[in-house]
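Single-structure report; data block below.
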Amino acid sequence: QVQLVESGGGSVQIGDSLTLACVASGVTFKDYFMGWFRQAPGKDREFVASIYTTSRSTDYTDSVKGRFTISRDDGNNAVYLQMNSLKPEDTAVYYCAASNIGYSRRQTWYPYWGQGTQVTVSS
């Protein structure tokens, strides 16, 4: 049974940093492309970042480029999202997702999802 468990969310102020973690079980983690998505109140869930197997490549949505960094630790079956210079518009539930289909921004390519962790950025 595939399980993804996120942690690290919280309430912070503008300009603060947070690191989200997602630990996977039930999969051969090194073979999976990993992604982070988020859903703000009243909005559709959107792509944030993704990382290729072996960390060969990363991809970010424009609004987080230069502020967020995705990384993975295959030895610990974990993927991380380092978030710096947080803004109120980053407030959302953040989900990690795993894909054995391909490296993509498309949510439909990710069969496995975590339960989400809340990030709230306020002034």
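The values are calculated or read from the model by the stated rules, or taken from the named source; none is laboratory data. What you see is a predicted model, and the numbers here were worked out from it, not measured in a lab. Glycine also receives a Cβ, built like all others from the backbone with ideal geometry; neighbour counts cover every protein chain displayed. The area values use the complete protein model at the heavy-atom level, side chains included, leaving out ligands, DNA and RNA. Shrake-Rupley method; radii C 1.70, N 1.55, O 1.52, S 1.80 Å.
For region 45-78, a tally of residues being in a strand (DSSP E or B) and within 15 Å of Phe33 (Cα to Cα) returns 13.
Residues considered: Asn76, Asn100. Of these, the only one that is more than 14 Å from Gly8 (Cβ to Cβ), open to solvent by 50 Å² or more (accessible area, probe 1.4 Å) and either modelled with pLDDT under 95 or within 13 Å of the chain's Cα centre (by Cα) (or both) is Asn100. Taken as a whole, region 95-103 holds at least one residue that is in contact with a Ser or Thr (Cβ under 7 Å, 6 or more places away or on another chain) and either among the charged types (D, E, K, R) or over 16 Å from Asp44 (Cα atoms) (or both). Note on region 100-119: residues that are polar (S, T, N, Q) and either without any contact (Cβ under 8 Å) to a residue 12 or more places away in the chain or in contact with a Gly (Cβ under 7 Å, 6 or more places away or on another chain) (or both) total 3. Residue count for region 14-31 under the criterion of being modelled with pLDDT of 95 or more, in a loop (DSSP other than H, G, I, E, B) and either polar (S, T, N, Q) or surrounded by 17 or more Cβ atoms within 10 Å (Cβ to Cβ) (or both): the result is 1.
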